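Below is one structure, written out as structure tokens, with a few remarks after it.
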Amino acid sequence: MRVTAFKAALFAAVMAPVALSSQDQTVRIRAAKALDGTGKVLSNVTITIQGSKITSIGPDNSGAATYNLGTLTAMPGMIDVHAHVGWHFDKDGRYAARPGTPAQEILYAAENAYVTLLAGFTTVQSVGAMSDKPLRDAINRGVLPGPRILSSLGQISNQKWTTDQIRENIRRLKGEGADLIKIFASASIRDGGVPTLSQEQVDAACGEARAQGLRSMVHAHSPESMLRSARAKCTQVEHGGLANAEALKALADGGIYFDPNIGLVTQNYLENKARFLGIGNYTEEGFASMEKALGLRGPMFTTALKTPGLKIVMGTDAVAGAHGQNAREPIERVKTGQKPMDAIIGMTSLAAESMGLQKELGAIAIGLNADLVAIDGDPLQDITALQRVRFVMRNGKVYKK
């Protein structure tokens, strides 16, 4: 979608839900089948919503339904725990590694947010960029359509920083409004994924995040960087492209959430190679490393699935070109051996738990936010149904019907 077309769609999306936004209005959604996000399947259910909250769930079919979903399957709004909503291709179709004007940047980010919402993702965790803040805040005010965004507003990656400097920068990010802290404990997989921060530095980063009441998300490809994250009691580890059984067990033993991005980010890079090649470390060697790592991800994920107690959540690391395709990640995970219900839990209730939002979203339950989607098909039988989203509601407002 180009920015001009996006403006028209944006206007329509903002205007359409206005009539449904009243806190006094009761909305009833009837579904023949619903997945509640915690592992339960509900049949012939009516979900009642008052304002932005779910107020009742039951078999009551009396009274007119505001929305009758027919044969569609209802489920909680999907959650992507790792995305980069601002990453985009510029007017020439190349990766925009250097920011354009503030107006251009916010429009591209808003476009990415909009297509992500229409794909059924009502919450995303966008990590690494201060530019996420105005978009996050505008969506929270209700003036732009998009998923709920949690952002780190930056990252801890400087290998030369002392532990005091790391702590100081985390306090700065907290003061600027960060929802979590993003930490790079290893190099990119394009650069071999080797550890980049010492144990002391990772300890300082995750420890200070806890002290500030924030969660920590750690970019870690190598087993050693994952082990350092486990020792430091970080909240969540991303990627694990080179993970071994020892590192995965350490995460499970520590109750650390694991988000192995196996289904979208690398595939998207390879599909859009010409748009990235020659920018930064997007070199021929870097792409060769990604192709090699892609072949390792299936066996790594299989090992992760066999690790008792490992809490696997769903994130895509969606970058330029990948927004709106987020459902490719759980589809690939199921193809690789994950049970469809476990994949759905990993992108709903467990994802919400990993962000400390289990009392607000991630399930169809009384008192939670009315984040609901309906898909054409049954994802328990055909996981690709997650790509056929026909209805999207966030906080009681309908954005797609």
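When the alpha carbon gyration tensor of the range 81-226 is reduced to an equivalent ellipsoid, its three semi-axes come out at 28, 18, 14 angstrom, largest first.
For the chain, the fraction of alpha-carbon pairs lying more than 40 Å apart is 13 percent, rounded to a whole number. The share of C-alpha pairs in the range 307-353 whose separation exceeds 13 Å stands at 57 percent. Straight-line cross-link partners of residue 339 among the lysines, defined as a Cα under 22 Å from its Cα and at least 8 positions apart when in the same chain: 33, 40, 249, 306, 311. Helix content alone sets the calculated 222 nm mean residue ellipticity of the chain: runs of n ≥ 4 DSSP H residues at -39500 (n - 2.57) each, divided across all residues, give -10500 deg cm²/dmol. Rounded to the nearest 0.05, what FRET efficiency do residue 106 and residue 44 give with R0 = 30 Å and r taken as the Cβ-Cβ distance? Could you check? After rounding to 0.05, the efficiency reads 0.10. The GluC sites (Glu not before Pro) of the range 264-308 include none that meets both criteria, a DSSP state outside H, G, I, E and B (loop) and at most 12 other C-beta atoms within 10 angstrom of the site's C-beta. Here residue 174 is the anchor, and the lysines within straight C-alpha reach of less than 20 Å, apart from those fewer than 8 places off in the same chain, are 133, 182, 233. Measuring with a 1.4 angstrom probe and ignoring ligands and nucleic acids, residue 94 comes out at about 80 Å² accessible.
The range 244-327 gives an Rg/Rh value of 1.03, both radii derived from C-alpha positions and Rh following Kirkwood. Between residue 158 and residue 90, the simple label model (points 7 Å from Cα in the Cβ direction) yields a spacing of 2.6 nm.
The values are calculated or read from the model by the stated rules, or taken from the named source; none is laboratory data. Just so it is clear, the structure is predicted and the values come from calculations on it, not from any experiment. All Cβ positions, even for glycine, are placed from backbone atoms using ideal geometry, and neighbour counts span all protein chains on display. Just the protein is used for accessible areas: all its heavy atoms, side chains included, with ligands, DNA and RNA removed. Shrake-Rupley method; radii C 1.70, N 1.55, O 1.52, S 1.80 Å.
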